[in-house]
Every structure is written in C-alpha cells, then in structure tokens.
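The values are calculated or read from the model by the stated rules, or taken from the named source; none is laboratory data. As the structure is a prediction and not an experimental result, all values here were calculated from the model. Positions of Cβ are generated from backbone atoms using ideal geometry, with glycine treated the same way; all protein chains shown enter the neighbour counts.
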Amino acid sequence: MPVTIHIPTPMRQHADGQASVQVAGSNVQSALAALGDKHPALTQRIFENGQVRRFVNIYLNNEDIRYLDNLATPVKDGDELAIIPAVAGG
Amino acid sequence: MSSPFVRGLKCRLCGQAYPISATNFCTEDFGPLEVEYDYDALADSLDRAKIELRPFNMWRYQEFLPLDGEPTVGRQVGGTPLVKAHRLAHELGVEQLWIKNDAVNFPTLSFKDRVVAVALSKARELGLTTVGCASTGNLANSVAANAAAAGLESYILVPSDLERSKILGTSVFGAKVIGIKGTYDEVNRLCTQIAFKYGWGFVNINLRPFYAEGSKTFGFEMAEQLGWRTPGHVVCPMAGGSLIGKIHKAFNELHRTGMIDKPSCKFYGAQPTGCNPISAAVKNGWEAHRPVRKPNTIAKSLAIGDPADGYFATKVIRETGGWAEDVSDAEIAEAMALLGRTEGIFAETAGGVTVAVARKLIEQGRLPRDEEIVLCITGNGLKTQDAVADCLEEPAVIAPSLDEFSGLLAEESSAVLV
C-alpha cells in the first residue's frame with residue numbers, strides 16, 4: 001500500500017477533483033515530488049523556490065513535519081500525508 | 001444586496017481576488033484572505049458626526065465591517081470603557097496610561113464577542129446553520145453564547161486540559177463541546193479538516209476573513225474614546241497575532257477615510273515566555289516565527305505555538321518601530337494582582353501578560369515614560385482565577401468578636417509601622 005496524500009477541498013480542482021492521491025516515496029520530499037509528477041499545478045502551489053510555502057502545513061499521520069524532519073522525514077507504505085492551510089489563531 | 005463598501009476577498013500575499021464566500025485561503029499560494037473595502041465610497045458615506053449619533057457599541061462602525069445587511073448576532077457587543085489608569089501609571093512610573101477594558105465586553109467578557117458577532121452574522125448571511133470553532137477558551141465561550149442566542153447549532157473544540165471554568169462557561173450555553181487530547185494547534189488543524197469535510201462555519205477557520213474584521217472595532221473605539229486620535233504606544237497580547245494587526249488596520253482606515261490624522265502609533269506585542277513565537281521573532285530579527293511545539297504557560301489563552309498571523313504581527317511591530325517581549329508565569333500572576341489592586345480591573349492571564357510586558361518594556365526604556373500608552377485588556381479574570389490564587393493573601397479568619405477584629409487591625413497597623 002503506497003502513501004496517501006489528502007488534498008484540501010478548494011485545491012482538488014488541481015488534482016483532477018480527487019480528495020486523495022496515492023504515491024510512492026521514501027520521504028516526504030519524494031512523496032510530494034511524485035504528487036507533482038501527476039499534478040504539477042498542485043505542487044506548484046505548495047512549493048516556492050523549493051521550499052514549502054509559508055502558509056502551508058504538512059502533516060505525516062497527524063504530526064506536523066516541522067516537528068519531525070521536515071521534507072526529509074521518512075515515509076512508509078500506509079502513511080498518510082495531509083496538506084493543510086496554516087490558520088492557527090482564535 | 002451586498003454591502004456597497006465591500007469589494008470582495010483578497011489574498012494577503014499575492015493579491016488574487018475572490019468573491020465573498022466561506023473561504024479563508026488563496027488557491028494560488030495558500031495565502032490568507034482578507035476582506036477588501038472601497039475606501040473612497042466609505043469616505044463619501046461616513047464621517048465622525050454620523051458615527052457620533054449612533055449607540056456606543058461595535059456596530060457604530062458598521063460600514064467598516066463585512067456584512068451586507070444589519071447584524072443579526074451580537075447587536076450589543078462592544079462600547080467598552082477606556083480607563084485612565086492613574087494608579088497603575090504611578091506604580092509603573094509613567095505619566096499617561098490608559099486601559100481599553102474588554103474584560104467587561106458583552107456577552108462573554110472578552111474581546112472575542114466582537115469577532116464572533118461579525119462571523120455569526122456573516123454565517124447567517126451565507127445560509128449556514130451549524131457553526132464551530134477551535135478555541136483556547138474565550139472564543140469557545142463567545143461562539144457558544146452567541147450561537148445559542150442566534151439559534152445556531154455549535155460545535156466547540158478545545159484542548160482537553162483547558163481551565164474548567166472556561167469549559168463550564170461554554171457548555172452552559174448548550175454547545176456541543178469536545179475536548180481534544182492535544183495542543184491548541186492540533187485542535188485547529190483538526191477543525192480545518194472538519195470544516196472541509198462538513199462545510200460548517202468555523203468562525204476562526206473558513207469564516208476567518210470576516211471574523212478577523214471584528215477586532216478592528218477595538219481600535220476604532222480606542223481612537224474615538226481618545227477624542228478621535230491615536231496614542232503614541234499600544235501594548236497588545238498576542239495569541240494568533242491577529243488583534244494587534246487589526247488595531248493598526250483600524251487606525252489606518254480611520255485615516256484613509258479622513259476621520260483622523262495620520263497615525264504614528266507604535267505597536268508592542270506581549271507574550272508568555274512559555275509560548276513566545278512572535279516575540280522571539282521580533283527580538284531575534286527573524287522574518288518568520290519558529291513554531292513552538294508544546295506551549296507551556298498558565299496563559300492558556302495565548303498558548304498558540306504556530307500563530308496564523310505571526311508573520312503579519314511581526315511586520316506591524318517592526319514597521320511601526322515597536323517591540324515585543326515575553327514574561328514568566330510568576331510575572332503574569334503578579335501583574336494580574338497589580339492591575340486588580342491599582343485599577344480595580346480583574347483581567348485574565350492575557351491581561352497579566354500585557355501589564356507585565358508593559359512594565360518590562362518601560363524598564364528597558366523601550367516604552368517612554370512621558371508618552372501616552374494604551375494597554376489592551378482582552379478578557380476577564382473570573383475565567384482564570386486559579387492563575388492568580390498564589391499571589392493573593394488568604395483572608396484572616398476570626399470569631400465573630402469585636403475584640404478579635406480590633407486585635408487584627410492593631411496587628412495590621414503595627415506591621416505597617418514596622
């Protein structure tokens with residue numbers, strides 16, 4: 001079972017309408033690169049100059065990757081990545 | 001029939017325009033969306049005289065808020081006191097100190113009633129019937145109360161270790177309260193996912209652009225109460241980092257529409273040391289804040305490790321020539337007691353943070369002693385009583401005897417003489 005990447009609702013238009021995409025990858029970086037191969041319009045919106053954009057948070061099995069190893073965080077089959085806009089406040 | 005003063009939503013990063021809907025981020029770069037106004041139309045339609053005829057509550061400045069019609073939720077919110085704090089000024093060694101006191105805001109005793117009144121009125125305009133929020137406490141109280149009064153169903157998600165009084169103060173309104181075993185940031189992430197899945201109106205997530213505008217009324221009132229002018233210095237607590245930026249925006253909007261002179265106010269952010277991503281960014285000169293994974297502070301209302309408006313708050317502080325500081329839990333509690341005994345105001349922990357940081361900035365020479373300073377008090381201390389308990393003396397307990405009482409008084413005066 002590969003890695004599942006969940007796409008936030010308003011971004012699904014850039015993933016052929018899909019709510020989630022399955023990819024193969026050894027770490028977060030390669031999993032997202034694989035996503036970009038299928039849906040470049042999506043990863044173009046996630047990354048800027050090779051870095052994850054300021055207001056995008058990426059979670060691996062509900063853990064923020066910034067508290068793990070960022071893009072180098074290893075992933076394995078069955079893992080879930082979520083791409084979530086950063087909005088903490090209230 | 002939409003507001004003639006609202007152009008739509010706009011990305012704060014790339015400027016991309018969007019129509020009004022329950023959405024909070026740009027699909028080009030995930031940037032946060034903000035309401036965009038037609039300031040020329042506003043300037044033509046509104047002036048100080050017109051505002052002054054209206055009842056003193058937040059809707060006095062209605063044209064600056066993103067509703068199409070009359071507000072249907074929170075009609076009495078705002079209009080809180082601006083208190084001249086002579087005794088606290090004396091204690092801190094400054095000449096002119098004011099307190100904008102939202103500890104007595106209606107209906108739930110925090111500034112959150114302002115943002116919720118806008119968000120829920122907007123939710124109604126957008127046809128939503130279920131609303132919710134992710135909260136560190138004050139927002140939970142406010143959404144629950146205002147949703148109850150409006151007949152809206154509400155789901156309130158909080159960290160499960162939140163102060164009991166805040167949880168009770170939310171459940172009492174009949175809201176569905178759910179404790180999440182995690183930090184506030186995790187609660188927020190979950191609510192984002194819930195909002196996407198169920199389409200409910202989460203006031204601080206998918207309704208955020210409308211919600212955020214309500215904070216401007218704190219600033220509008222402050223300027224009007226000072227006599228249609230801005231102070232030299234404003235000290236503001238920072239959780240998500242939104243309020244400080246919205247006060248700055250309010251001052252600019254009053255100027256832009258010809259109601260006040262160009263503001264030259266400096267903004268100072270206040271955080272607890274146990275969760276200080278924004279003050280650390282300011283003090284270290286970083287452009288972006290570094291998120292705090294496990295906030296650890298009694299100021300739970302400010303315990304947001306990854307503040308959505310951190311970047312913008314840092315910018316406002318820097319651009320206005322202000323600064324930021326953070327204080328320990330002990331300093332927070334002591335400052336809550338100080339505010340109580342000098343001004344008769346019982347603020348929650350965030351208020352203690354603000355007063356303690358103001359003191360620190362004054363002692364550092366960053367806040368000048370001879371210029372006007374306004375402190376932002378955003379919530380009531382009844383919600384965080386435990387935090388201040390250790391700073392207060394237990395009452396003496398005596399028998400119902402006049403002699404014993406007189407003895408007590410004598411002890412007290414001899415203690416003072418010593």
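Anything in the range B:261-311 that is touching a Lys or Arg at 6+ places or on another chain (Cβ under 9 Å) and of a type in the set (Phe, Trp, Tyr)? List them, or say none.
Of everything in the range B:261-311, those that are touching a Lys or Arg at 6+ places or on another chain (Cβ under 9 Å) and of a type in the set (Phe, Trp, Tyr) turn out to be B:Tyr268, B:Tyr311.
Given (1) polar (S, T, N, Q); (2) closer than 25 Å to A:Ile7 by Cα; (3) away from chain A (no Cβ under 14 Å), where does B:Gln16 come up short, assuming only one miss?
Only one criterion is unmet by B:Gln16, namely (3).
Going through the range B:82-93 one residue at a time, which ones are assigned to a strand (DSSP E or B) and not basic (Lys, Arg)? Break it down into steps so the answer makes sense when it comes.
Here is the first cut: in the range B:82-93, the residues assigned to a strand (DSSP E or B) are B:82-84.
Passing the criteria: B:Leu82, B:Val83.
For the range B:316-330, how many residues meet the condition of being over 16 Å from B:Thr349 (Cβ atoms) and surrounded by fewer than 16 Cβ atoms within 10 Å (Cβ to Cβ)?
Residues meeting the conditions: 2.
For the structure I just gave you, tell me whether B:Arg369 is at pLDDT 95 or above, more than 14 Å from chain A (Cβ to nearest Cβ) and assigned to a loop (DSSP other than H, G, I, E, B).
yes
Restricting to the range B:361-385, and then to whatever is surrounded by fewer than 18 Cβ atoms within 10 Å (Cβ to Cβ) and not polar (S, T, N, Q), can you tell me which residue is nearest to B:Glu163 (Cα to Cα)?
The extreme case among them is B:Leu382.
When you scan the range A:49-72, do you find a residue that is aliphatic (A, V, I, L, M), without any contact (Cβ under 8 Å) to a residue 12 or more places away in the chain and within 11 Å of another protein chain (Cβ to nearest Cβ), even just one? So that I can check it myself, show each step before the final result.
Step one: filter the range A:49-72 for residues aliphatic (A, V, I, L, M), giving A:52, A:56, A:58, A:60, A:65, A:68, A:71-72.
If we keep only those that are without any contact (Cβ under 8 Å) to a residue 12 or more places away in the chain as well, we get A:68.
From what is left, the residues that are within 11 Å of another protein chain (Cβ to nearest Cβ) are A:68.
Yes, some residue in the range A:49-72 is aliphatic (A, V, I, L, M), without any contact (Cβ under 8 Å) to a residue 12 or more places away in the chain and within 11 Å of another protein chain (Cβ to nearest Cβ).
Identify all residues within the range B:221-252 that are among the small types (Gly, Ala, Ser), touching a helix residue (DSSP H, G or I) at 6+ places or on another chain (Cβ under 9 Å) and at positive phi; write none if there are none.
Scanning the range B:221-252 gives a single hit, B:Gly241.
Sort out which residues of the range B:170-200 are away from chain A (no Cβ under 13 Å) and not in a loop (DSSP other than H, G, I, E, B), and write them in order of number.
Once the filter is applied, which keeps residues that are away from chain A (no Cβ under 13 Å) and not in a loop (DSSP other than H, G, I, E, B), the range B:170-200 yields B:Thr170, B:Ser171, B:Lys176, B:Val177, B:Ile178, B:Gly179.
Can you tell me which residues in the range B:338-359 are in a helix (DSSP H, G or I), buried (at least 20 other Cβ atoms within 10 Å of the Cβ) and small (Gly, Ala, Ser)?
B:Ala350, B:Gly351, B:Gly352, B:Ala356, B:Ala358
Please enumerate the residues belonging to the range B:386-402 that are surrounded by 15 or more Cβ atoms within 10 Å (Cβ to Cβ) and within 23 Å of the chain's Cα centre (by Cα).
Within the range B:386-402, B:Ala387, B:Val388 qualify.
Here's the yes/no breakdown for (1) of a type outside the set (S, T, N, Q); (2) touching a Cys at 6+ places or on another chain (Cβ under 9 Å):
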| position | (1), (2) |
| --- | --- |
| B:Cys236 | yes, yes |
| B:Asn252 | no, no |
| B:Gly269 | yes, yes |
| B:Asn276 | no, no |
| B:Trp286 | yes, no |
| B:Asn296 | no, yes |
| B:Tyr311 | yes, no |
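Taking the range B:31-72 on its own, how many of its residues are outside any helix (DSSP H, G or I), without any contact (Cβ under 8 Å) to a residue 60 or more places away in the chain and more than 25 Å from the chain's Cα centre (by Cα)?
Number of matching residues: 2.
Is there a residue being among the polar types (S, T, N, Q) and either more than 14 Å from chain B (Cβ to nearest Cβ) or under 19 Å from B:Ile194 (Cβ atoms) (or both) anywhere in the range A:38-47?
no
Just to be sure, is A:Val3 more than 14 Å from chain B (Cβ to nearest Cβ) and surrounded by 14 or more Cβ atoms within 10 Å (Cβ to Cβ)?
Considered against the rule, which asks whether it is more than 14 Å from chain B (Cβ to nearest Cβ) and surrounded by 14 or more Cβ atoms within 10 Å (Cβ to Cβ), A:Val3 comes out as yes.
Can B:Arg75 be described as part of a loop (DSSP other than H, G, I, E, B) and among the basic types (Lys, Arg)?
Numbers: part of a loop (DSSP other than H, G, I, E, B): yes; among the basic types (Lys, Arg): yes.
Yes: the conditions hold for B:Arg75.
Which residues, taken from the range B:94-149, are within 14 Å of B:Leu207 (Cα to Cα), away from chain A (no Cβ under 14 Å) and part of a helix (DSSP H, G or I)?
Residues satisfying the conditions are B:Ala117, B:Ser121, B:Lys122, B:Ala123, B:Arg124, B:Glu125.
What tally of residues in the range B:112-162 results from selecting those that are under 25 Å from B:Gln62 (Cα atoms), acidic (Asp, Glu) and surrounded by fewer than 21 Cβ atoms within 10 Å (Cβ to Cβ)?
Total satisfying the criteria: 1.
Please enumerate the residues belonging to the range A:14-34 that are in a helix (DSSP H, G or I) and over 22 Å from B:Lys197 (Cα atoms).
A:Val28, A:Gln29, A:Ser30, A:Ala31, A:Leu32, A:Ala33, A:Ala34
Would you say A:Val23 is in contact with a strand residue (DSSP E or B) (Cβ under 7 Å, 6 or more places away or on another chain), among the aliphatic types (A, V, I, L, M) and either away from every other protein chain (no Cβ under 14 Å) or over 24 Å from B:Pro291 (Cβ atoms) (or both)?
yes
Taking B:Gly240 and the conditions (1) assigned to a helix (DSSP H, G or I); (2) under 21 Å from B:Tyr311 (Cβ atoms), which numbered condition does it fall short on, given that it satisfies the others?
Of the numbered conditions (1) assigned to a helix (DSSP H, G or I); (2) under 21 Å from B:Tyr311 (Cβ atoms), the odd one out for B:Gly240 is (1).
If you take the residues of the range B:273-315 that are in a helix (DSSP H, G or I) and hydrophobic (A, V, I, L, M, F, W, C), which of them is surrounded by the fewest Cβ atoms within 10 Å (Cβ to Cβ)?
B:Ala280
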